[in-house]
C-alpha cells in the first residue's frame, strides 16, 4: 500500500507541473511553491524565496508570512546567514536550533528574537547575474529530517524551473524587440537614402562603431528622427 505522504507529494507535484505549463504570472507559481512547502513539510511556519543579483541587491518574493522578508533584510545587513549561503554557495543549508548555531554570530540571535528556531534553505539556481534560494523557517527546534530535505529539493527544482523559464521568456521578448527596432530603422534608412537592406545595416553598424554606441541605440535614434 502506498505511503499517504508519498501519494500527496506526487499529486501536488503533478499539480505544480500543470500550473507551470500554463501562462501564469511568475509570482503565482513561486507562491504556489512556498504554500506547498508549508503544506507538505511538517514544522514549516514560514517560507519565502530570496533572489540575489550580481550587484548584491536582493528581493524577497513568494512569502507565506512577513518573517522571511524580515530575516532576508537581516542577512543582507549582516552579510551572513543560511539563505544567502544557499543562494550563493551550498545546495542545502540546514539549522536545527539557532540557539546552538555558531556559523552566523549576528544572524542567529536575530532569528531567535523573531521567534525562529530552525531553518532549511535550498539553492534554486546560479546564473550569470542571479542566485536564489527557497527558505523554510520553523518556530520550533529539531523539526527537519531527511524527508523534509527531499521534498524541499523537489520544490526548489520547480521554483528554479519557473525562474529560468521566466528569464528565458524575458530574453526572448528583448531579442524580438531588438530585431523589430533594427528592422524598422533599416527600413527608414533604405527609404531615406535609397540604399538596399545590406547597405542600410552597414551604415548603422559603422555609426555604432564610430560613436561607440550599441546597434539598438543607433536604431532607436533613427526611429526617433523619422518625423
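Here are some notes:
- In segment 52-65 there is no residue that is part of a helix (DSSP H, G or I) and surrounded by fewer than 17 Cβ atoms within 10 Å (Cβ to Cβ).
- Residues located in segment 96-135, provided they are part of a helix (DSSP H, G or I) and over 18 Å from residue 43 (Cα atoms): 107, 108, 109, 110, 113
- Count - residues of segment 90-102 that are in contact with a strand residue (DSSP E or B) (Cβ under 8 Å, 6 or more places away or on another chain) and free of Cβ contacts under 8 Å to residues at least 12 places away in the same chain: 1
- Residue among 93, 143 that is modelled with pLDDT of 80 or more, assigned to a loop (DSSP other than H, G, I, E, B) and surrounded by 13 or more Cβ atoms within 10 Å (Cβ to Cβ): 143
The values are calculated or read from the model by the stated rules, or taken from the named source; none is laboratory data. These numbers come from a predicted model, not from an experiment. Using ideal geometry, Cβ is built from the backbone for each residue, glycine included, and neighbour counts are taken over all protein chains shown.
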